[in-house]
Amino acid sequence: MHLDPLAIVTAFGLIFLAELPDKTMFASLAMGTRMKPLYVWFGTSAAFAVHVAIAVGAGSLLGLLPSWIVKLVSGLMFLFGAFMLLRGGDDEDGEDAAGAKTVTGFWPVFGTAFMAVFIGEWGDLTQITTANLAATNGTWSTAIGSFAALISVSGLALIAGRFIAKRVPLKTVQRVGGVCMLVLAVWSFVEIFVG
């Protein structure tokens, strides 16, 4: 196994910049306001690890998946997330603490975060870029750089989410998070027809 530091840095830089404005970053931010951030980060990191492995191992085969199906499922997952957040947004002020505990425990949070990212990242720009870089810059170097970039962006989104949650009332956070998830759902559905 040969690691090329330049290939690692190249993969990190390209993937980090591509993931920053990505819908998965916004989904991580929204989940971080409602769930334990460390558990969310473990879930998103596991999903990113699977996607990086798939991208570097079989990048050319990813193009065979019908993109409209991937986008439809992704949109439905975001729509479900929006429903859950907006439904919880009608709590009374005294019930905010109880509402914040709707998804607790390591495995439920891990599973929610894993599935949101696992489905949302199929055929994503970062996955395609990782596959292309692996073909030219080496599998292990690309995998390390790409994975480090993805989990870094997720971590930054979760830190921002926790910062927001401590300074803004839970009801407001729920509504804004629900609207963001709704926008991401619409975005995914629009991509079916535009892309």
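The values are calculated or read from the model by the stated rules, or taken from the named source; none is laboratory data. Since we're looking at a predicted model, the values are computed, not measured. Heavy atoms of the whole protein, side chains included, go into the accessibility calculation; ligands, DNA and RNA do not. Shrake-Rupley method; radii C 1.70, N 1.55, O 1.52, S 1.80 Å.
I need the phi-derived Karplus couplings for region 130-135: 6.51 cos²θ - 1.76 cosθ + 1.60, θ = phi - 60°, integer Hz, Gly and Pro marked x. Karplus-based 3J(HN,Hα) across region 130-135 equals 4, 4, 5, 5, 4, 5 Hz. The accessible surface of region 140-195, taken with every protein chain in place and a 1.4 Å probe, is 77 percent carbon and sulfur. Over 23 Å between C-alpha atoms is what I'm after, so list which of Lys36/Lys71; Lys36/Lys166; Lys71/Lys166 land there. Beyond 23 Å: Lys36/Lys71; Lys71/Lys166. Were the residues from Phe83 through Ile159 laid out at 0.36 nm apart, the gain over their Cα-Cα distance would be 25.0 nm. Region 125-195 and region 23-58 have their alpha-carbon centroids 8 Å apart.
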